[in-house]
Amino acid sequence: MAGAQGLAKIVGSHADSIWAAQISADIVWLCVPDSEISRVAQFLAKRFDANGGGWKKKIALHSSGALTSNELASLRRRGAAVASVHPLMTFVKGSGAALAGVSFAIEGDAAAVRSARQIVNALGGQAFSIRKRDKAAYHAWGTFASPLLTALLATSEHVAAAADVPAKAARRRMLPMVAQTIANYAAAGAVSAFSGPIVRGDVDVVRRHLLALRIVPEAREVYLALARAAVKYLPGKQREAMRELLANPRTTK
């Protein structure tokens, strides 16, 4: 509650518990964990109607990237137009991520979608439509782009430790290369940004990597998965030899 009160103060509003809130707004945006969206919507549908209000002509939104607007079905049945509105952005404590230029995936009832697009435009974001059936794949894409990218960087620190480089030093030393890789990708796409032994077709170097990574087995599995993806999606020489090595890593001794 303290965090909500702090945020409310910043935006010139006030925070209340769900038990005490008096919902008079035309637009209600549920920003709760995915597993709670349907339950909170059901609670609000019953409580607000019990107070003599109702949901007719109101807009109800939620922010899940994986779940559809159907999670708000209980509010739709009470007359609300509903939609899901998900920003393709990472939010962590203390980061204060800006929303200008951020893409928002939107699907739902026409009236709710129109209102959501107006909100996104006011925030400086870029709204785009998504089909209900595509939301899980869309969210998996976002997970690759940020949480799993962070997991890759964390895994990289453990590989650095195998080279006797502490995590803090590893982070400092690899950041210029990580930043340049992102810059290259942003400027020219994945194919032009790809470098290293796979694009050169240096099978022996990749074999040496796999040998060294035996002491970090989880990182070795990550390496194999990403290297196989690289051979499939990105350019490189000696593709058949590289594919054979990655398909039979146990032969690497």
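Nothing in this text is a laboratory measurement; each read-out follows from the coordinates by a stated rule. Treat the numbers as computed from the prediction; the structure is a model and nothing was measured. Glycine gets a Cβ as well: all are built from the backbone with ideal geometry, and neighbour counts include every protein chain shown.
Among residues other than ALA229 whose Cβ falls under 14 Å from its Cβ, what is the net charge (Lys/Arg +1, Asp/Glu -1)?
+3
Pick out, in residue order, every one of the chymotrypsin sites (Phe, Trp or Tyr not before Pro) in segment 146-253 that is DSSP loop and has at most 15 other C-beta atoms within 10 Å; say none if there are none.
none
If you fit an axis through the alpha-carbon atoms of helix 203-212 and take the longest principal axis of the Cα set of the chain, what angle between them do you get, 0 to 90°, nearest 10?
Orientation of helix 203-212: about 70 degrees from the principal axis.
Could you give the size of the charge dipole of the chain about its Cα centre, using +1 on the Cβ of each K and R and -1 on the Cβ of each D and E, expressed in debye and rounded to the nearest 20?
For this selection, approximately 260 debye.
First check a/c for segment 145-251, with a ≥ b ≥ c the square roots of the eigenvalues of its C-alpha gyration tensor; if it is under 1.5, answer rounded, and if not, answer prolate when a/b is larger than b/c or oblate otherwise.
Here segment 145-251 falls in the oblate category.
Below 14 Å, Cα to Cα, which aspartates and glutamates can LYS132 reach? Residues fewer than 8 away in the same chain don't count.
Of all the aspartates and glutamates, those that pass the test against LYS132 - Cα under 14 Å, at least 8 places apart if same chain - are GLU71, GLU107, ASP109.
Along the Cα→Cβ direction, 7 angstrom out, place labels at ARG47 and GLU244. What is the inter-label distance in nm?
Roughly 6.6 nm, to one decimal.
Per the helix-only calculation at 222 nm, which mean residue ellipticity applies to the chain, given -39500 (n - 2.57) for every DSSP H run of n ≥ 4 and division by its residues, nearest 500 deg cm²/dmol?
-16500 deg cm²/dmol
Relative to the Cα centre, what is the charge dipole magnitude of segment 160-235, using +1 at the beta carbon of each Lys and Arg, -1 at the beta carbon of each Asp and Glu, and rounding to the nearest 20 debye?
100
Which option, (1) 73, 36, 33; (2) 55, 38, 37; (3) 70, 40, 33, is the value of Cα extents along the principal axes in Å that was calculated from these coordinates?
Matching entry in (1) 73, 36, 33; (2) 55, 38, 37; (3) 70, 40, 33: (1).
Neighbouring Cβ atoms within 10 Å as the yardstick, rank ILE10, ILE106, ILE130, ILE59 fewest first.
Sorted ascending by nearby Cβ count, the order is ILE10, ILE130, ILE106, ILE59.
Within segment 1-106, report the trypsin sites (Lys or Arg not before Pro) that DSSP leaves as loop and that have at most 13 other Cβ atoms within 10 Å.
Sparse-neighbourhood loop trypsin sites (Lys or Arg not before Pro): LYS56, LYS57, LYS93.
Taking the Cα centre of segment 3-131 as the origin and placing charges on Cβ (Lys, Arg +1; Asp, Glu -1), which of VAL120, LEU67, ALA83 is farthest toward the positive end of the dipole?
Looking along the dipole axis, the top candidate is ALA83.
Quick one: angle between helix 135-145 and the longest Cα principal axis of the chain, in degrees between 0 and 90, rounded to 10, please.
50
Restricting attention to segment 122-227, which trypsin sites (Lys or Arg not before Pro) occupy a DSSP loop and are surrounded by at most 16 other Cβ atoms within 10 Å?
For trypsin sites (Lys or Arg not before Pro) across segment 122-227 that sit outside H, G, I, E and B with at most 16 neighbouring Cβ atoms in 10 Å, the list reads ARG131.
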